[in-house]
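To start, the structure itself, in structure tokens.
None of the figures in this text is laboratory data; all of them are computed from the coordinates on show. Note that this is a predicted model, so its numbers are computed, not measured. Positions of Cβ are generated from backbone atoms using ideal geometry, with glycine treated the same way; all protein chains shown enter the neighbour counts.
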Amino acid sequence: MIKRLLKVFFKLTPRVLAYREFRNRILKEIPIDKKEIAEEAKKFVDTLIELGPTFIKFGQILSVRPDIMPEAYIKELARLQDEVPPAPFNQVSKIIEEELGNSIKILKEISSASLGQVYLGEYDGKIVAIKVNRPRIKEIVNEDIQVVKKLLPLLRFVFDESFTEIIKVFLEEFSRRIFEEMDYTKEALYLNKIKEELSDYPSLRIPSIIKATKRVLVMEYIKGYKVTSEEAKKIVDNRILAYRVFRLFMYMLLNKDYFHADPHPGNIAVDEQGNLVLYDFGMSGKIDEKTRNLLIRAYVAMIRMDADSLVRVLDELGAIQPFADRRVLAKGLKLFMQAMQGIEVSELELEDFMKLADQVFFKFPLRMPSKLVLPFRMINVLDGTCREIDKDFDFVKSSITFLEEEGYTTKVVIEQVREIVDGIWNRFRSFLLSYSQQQELINIQSGRKGSIITNYIPQMILVITIIFYAITKDIIITLLMVILALSIPLSGRKNT
């Protein structure tokens with residue numbers, strides 16, 4: 001542990017100090033040499049690769065944290081690859097034997113990543129894909145996380161307390177997620193959920209689970225060609241293929257509870273019939289309905305370049321620091337967006353779009369809620385994959401097409417109108433209840449018992465009205481019922 005701690009400390013310290021200098025300059029709006037920051041970002045990423053699988057994964061998640069990393073670093077982190085040399089086969093076969101016995105015959109290796117390896121095998125007379133944890137990977141990752149946690153307090157001597165707290169929360173989330181990714185029973189759960197939710201999605205194939213333990217996953221083998229390969233492009237036109245991949249992942253994110261969060265080319269294939277095939281569900285997520293609806297609204301607001309709506313949605317998502325001035329933030333967003341005015345939305349490139357988002361998150365008092373990390377990562381990786389398939393792929397134009405196909409723009413308008421009506425109704429209801437309580441107090445003080453009984457009638461009508469509106473949302477009839485309730489105490493006063 002001590003040896004590893006010292007190595008990580010001496011390797012990362014120069015990179016952290018350089019990062020601090022660039023961060024301070026950006027926050028103070030001091031000009032930065034683009035070549036200088038690009039060179040430092042490359043050194044930072046090279047250091048992460050040298051430190052091994054834990055830090056490679058760490059960098060991959062940092063690549064979608066524009067609230068932590070400036071644009072130049074994010075661009076460099078995006079080149080992090082998961083491919084590493086395979087572990088010796090005798091060590092891997094020992095893990096398979098310990099988990100499943102001798103029931104599986106290994107045929108050949110398919111791929112090797114930082115946390116696991118995939119082999120082609122034979123089980124019960126069928127060709128299968130076998131995913132196996134790398135030898136001692138949990139011990140390696142656990143040691144690295146403990147090292148980073150021991151070094152974390154030193155950041156207080158380098159950064160302000162607020163930033164140190166952001167890193168602490170980030171590390172806790174990373175620690176939980178990386179161990180989940182190594183537990184193949186979790187991956188099997190996500191795969192089955194996504195397969196069930198997408199059972200009626202056209203031209204899509206997802207392998208079936210045959211066996212799953214924490215360290216070994218055995219799946220149906222579906223032969224396919226990597227979506228960026230020439231073979232895939234011969235089966236499906238590259239422009240059509242790029243949009244199909246884009247549409248599938250955005251459909252999962254905005255329509256379903258579970259979504260695949262790692263759409264890099266190695267995880268998506270095309271079979272001989274032109275169907276899309278999904279692999280590797282280790283990085284998947286679940287999203288609740290409220291967050292999903294807010295994401296749709298944020299998505300529409302960004303496409304429309306509506307800064308005010310975007311700020312409101314970000315606030316509801318918990319992406320704005322409590323101390324932030326919302327009006328100033330909206331003005332800041334508008335200033336960034338003004339640079340794009342005069343350009344047709346359909347002609348915008350995602351690179352400019354992401355640059356805008358990166359600048360805003362890094363410079364303004366925004367934060368990345370943990371529930372948005374995977375969706376944001378998925379979108380970022382998805383754009384890169386679609387561009388590899390089709391170099392002319394336009395994320396924004398595709399987004400507009402997708403929004404129109406799914407009717408999201410109409411849904412957002414309806415949702416906004418409903419929120420306005422609900423807000424007005426809630427304020428009106430509070431007024432009515434307050435009014436009824438005041439009437440009751442007046443009657444008690446005046447000793448008119450008969451009037452007290454009379455005044456229970458409007459209260460009962462108000463309760464019925466609230467229930468009626470909650471069920472029907474019918475404003476006209478609701479207002480008529482309210483007028484009826486209010487007329488009773490008024491007529492009672494005239495008669496006394």
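Tabulated data
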item	result
Interchain or long-range residues, amide H under 5 Å from Lys226's placed H	Val270
Gain upon complete extension [Arg136, Glu197; 0.36 nm per residue less C-alpha separation]	18.5 nm
Packing-based order for 4-11, 153-160, 204-211, using average beta carbon neighbours within 10 Å, highest first	204-211, 4-11, 153-160
Calculated from backbone phi, Karplus (6.51, -1.76, 1.60) coupling profile of region 121-133 in Hz, x at Gly/Pro	x, 10, 9, 6, x, 10, 7, 10, 9, 10, 9, 10, 4
Karplus-derived HN-Hα couplings along region 219-234 (A = 6.51, B = -1.76, C = 1.60, θ = phi - 60°), whole Hz, x at Gly and Pro	10, 4, 9, 10, 6, x, 10, 3, 4, 8, 7, 5, 4, 5, 5, 6
Ile210 long-range amide H proximity, modeled H, under 5 Å	Val218, Met219, Glu220
Phi to ³J(HN,Hα) by Karplus 6.51 cos²θ - 1.76 cosθ + 1.60 over region 191-204, Hz, x for Gly, Pro	4, 5, 5, 5, 4, 5, 5, 9, 4, 9, 6, x, 6, 9
5 angstrom amide H check on Gly116, placed H, neighbours 5+ away	Arg134
Flagged links, alpha-carbon separation over 19 Å, of Lys94/Lys138; Lys35/Lys391; Lys94/Lys131; Lys75/Lys256; Lys126/Lys211; Lys75/Lys286	Lys35/Lys391; Lys75/Lys256; Lys75/Lys286
